[in-house]
Amino acid sequence: MPRLPARLPGQGLRLGVGHDSLALVRTSRLFGARRTPLAELRIDAAEPEALARGLRTLFEGLDVAGWPLTVVLADELARIWQVVPPPQAASPADLEAAAAMRFTNLFGAATAGWTLAADWRADRPFLAAALPAPLLASVVDAARAARCPLIEVVPQFIAAMNGWRRQRRPGAWFGLVHGQVLTLAAYEGQALAALRTAVVPPGADRSWLENHLSREALRLGIAAPSLLQLCGSAPRSWTGEAGSLACILFEDSMAGDMAGEAGALRLACTGSPA
């Protein structure tokens, strides 16, 4: 069984779990901040047994014992939503109940079978995420079998927000483009106003983006953003400053190397410091 070289400080593993593929990447915050793909595999992540088999296959040819592992899931495998804390919320249970109620209202089902996590805040709206319990169990079991300390399991959009947190500006809207989907965190001042997703039509240009932002702001009853900060596979034609909107695309140092590769590779590297 091939063994990775001795782990240096700042090195770790990132696993991308897409709906049809897995990818494992070695990362380093130091020594040139390199990211090296280690393995890829096609799967059907919607089937828990297929995912479990795929994870076993992905790790079985590698000795990665002791390497810390971060797992990034495709957003379509998870649920992400905004929660407005109830007035005078007095306990974590109040916030959890509000998140569960909002989940049911949005997705038409109870939270049974899902594992919830959030940046619990009683003083302002916050994002919550839910992962299917069978999927999460498969990931936890695979990490345990590979003897990898599991750092976190996170949807891609949350990984992107966390990864670019130091570059994000107060009041700016934040967006991620993955595949043909644009996910936006809309802000009113420094408060999160909503989380929105939309399919990006083929050939969508800067005009489409500006019109989309204006429509979303109108629906939410807030001002359109003066700054949009994007990451992922957003068209470069969207960037720049024109009229009342400035658009910045956070560059991914590995984007060129991953062009045309499986989506799970991009997932794995979302939020990576490299």
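What the table below lists for this structure:
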| item | result |
| --- | --- |
| Residue in segment 143-153 that is free of Cβ contacts under 8 Å to residues at least 40 places away in the same chain and under 27 Å from Leu265 (Cα atoms) present | yes |
| Filtered residue count, segment 135-170, keeping only those that are among the polar types (S, T, N, Q) and farther than 27 Å from Gly61 by Cα | 2 |
| The one condition in (1) open to solvent by less than 40 Å² (accessible area, probe 1.4 Å); (2) at pLDDT 95 or above; (3) of a type in the set (S, T, N, Q) that Ser28 fails to fulfil | (2) |
| Residue count for segment 25-78, restricted to those that are closer than 12 Å to Ala264 by Cα, among the hydrophobic types (A, V, I, L, M, F, W, C) and either in contact with a helix residue (DSSP H, G or I) (Cβ under 6 Å, 6 or more places away or on another chain) or in a loop (DSSP other than H, G, I, E, B) (or both) | 8 |
| Residue in segment 45-63 that is within 16 Å of the chain's Cα centre (by Cα), at pLDDT 90 or above and open to solvent by less than 10 Å² (accessible area, probe 1.4 Å) present | no |
| Candidates Leu195, Leu184 - the one that is surrounded by 13 or more Cβ atoms within 10 Å (Cβ to Cβ) and touching a Gly at 6+ places or on another chain (Cβ under 6 Å) | Leu184 |
| Criterion violated by Pro201 - all others in (1) modelled with pLDDT of 90 or more; (2) open to solvent by 20 Å² or more (accessible area, probe 1.4 Å); (3) not in a loop (DSSP other than H, G, I, E, B) satisfied | (3) |
| Complete set of residues in segment 64-85 that are under 15 Å from the mean Cα position of the chain (by Cα), open to solvent by 60 Å² or more (accessible area, probe 1.4 Å) and over 30 Å from Ser28 (Cβ atoms) | Arg79 |
| Gly221 farther than 14 Å from Cys247 by Cα, loosely packed, with under 14 Cβ neighbours inside 10 Å and at pLDDT below 95 | no |
| Out of Val140, Val177, sole residue that is closer than 19 Å to Leu13 by Cβ and either open to solvent by less than 10 Å² (accessible area, probe 1.4 Å) or modelled with pLDDT of 95 or more (or both) | Val140 |
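The values are calculated or read from the model by the stated rules, or taken from the named source; none is laboratory data. All values derive from a computational prediction rather than experimental measurement. Heads up, the Cβs are rebuilt from the backbone with ideal geometry, glycines too, and the neighbour counts pull from every protein chain shown. Remember, those area values only see protein heavy atoms, side chains included, never the ligands or the DNA or RNA. Shrake-Rupley method; radii C 1.70, N 1.55, O 1.52, S 1.80 Å.
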